[in-house]
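Heads up: the structure comes next, in structure tokens.
The values are calculated or read from the model by the stated rules, or taken from the named source; none is laboratory data. Predicted, not measured: the structure shown is a model, and the values here were computed from it. Using ideal geometry, Cβ is built from the backbone for each residue, glycine included, and neighbour counts are taken over all protein chains shown.
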Amino acid sequence: MTAARIGEVSGVRKRDIDRDRWIWTVRRQTTPGPGGLIDKATKGKRARKVPIIEEARDLVAARLDAVHGPDARLFTGPRGGRIAMAVPRDATHWDDVVVRLGYEHLRRHDLRHTGLTWMADAGVPVHVLRKIAGHGSLSTTQRYLHPDEQSITDAGNALSAHISAPRSPNGPRLTAI
């Protein structure tokens, strides 16, 4: 629901969440490094703001209430430390689930594409999506968006409604091309 990278979810700390505005400031990611997992800057090398939607707030609030201290990790591995990337895969039985659903090709990172596509379908402007995703360019963000056939149909209906809307006599005239 945040379109964040798995490593960024692993790196979130209590102080990163603004519970009043329900904004997550993504500051770091957990990634494999020499000698094990390490925290480092996000892939884009800068902090960014991500909304926490209402449907996810109870989960995040429970985690915020369960941890102590501003630097406490919201999500930890089985031994209390950083989450290895295999932990969410194994805990959710990802490989088995996608095979049973007939989506063997689906990767966990594809959920990031889905989150950004849903935001776009909800009307979030692409320049805002770029900021949420932490992309350096709009072209990168656009590669993440996969509108479905209904979205394309809705776009045509929106254009038809716009063109057929009553206009004032002094307003601009629309001509078909």
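Below, the figures for the structure above:
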{"quantity": "Output for segment 1-55, where each listed residue is closer than 20 Å to R89 by Cβ and among the hydrophobic types (A, V, I, L, M, F, W, C)", "calculated": "M1, A3, A4, I6, V9, V12, L37, I38"}
{"quantity": "Any pair with Cβ under 6 angstrom, 6 or more apart, that starts in segment 134-151 at a residue that is in contact (Cβ under 8 Å) with a residue 12 or more places away in the chain and farther than 23 Å from T25 by Cα and ends at one that is of a type outside the set (S, T, Y) and surrounded by 14 or more Cβ atoms within 10 Å (Cβ to Cβ)", "calculated": "S151/D121"}
{"quantity": "Residues (exposed (fewer than 10 other Cβ atoms within 10 Å of the Cβ) and either part of a helix (DSSP H, G or I) or not assigned by TED's automatic domain parsing to the domain that holds G11 (or both)) located in segment 22-64", "calculated": "E54, E55, D58"}
{"quantity": "Which listed residue is surrounded by 14 or more Cβ atoms within 10 Å (Cβ to Cβ), under 17 Å from the mean Cα position of the chain (by Cα) and β-branched (V, I, T), from V98, V124, V87", "calculated": "V124"}
{"quantity": "Any chance T76 is surrounded by 11 or more Cβ atoms within 10 Å (Cβ to Cβ), in the same structural domain as D18 (by TED's automatic domain parsing), touching a residue at least 12 places away in the same chain (Cβ under 8 Å) and polar (S, T, N, Q)", "calculated": "no"}
{"quantity": "Selected residue [outside the structural domain of T30 (by TED's automatic domain parsing), at negative phi and at pLDDT below 90] from A91, A120", "calculated": "A91"}
{"quantity": "Per-region count, segment 128-155, residues surrounded by 10 or more Cβ atoms within 10 Å (Cβ to Cβ), at pLDDT 85 or above and either in the same structural domain as V50 (by TED's automatic domain parsing) or not basic (K, R) (or both)", "calculated": "16"}
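Quick grid of which residues meet (1) over 30 Å from V126 (Cβ atoms); (2) assigned to a loop (DSSP other than H, G, I, E, B); (3) β-branched (V, I, T):
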{"residue": "P70", "(1), (2), (3)": "yes, yes, no"}
{"residue": "G77", "(1), (2), (3)": "yes, yes, no"}
{"residue": "A84", "(1), (2), (3)": "yes, yes, no"}
{"residue": "V87", "(1), (2), (3)": "yes, no, yes"}
{"residue": "D95", "(1), (2), (3)": "yes, no, no"}
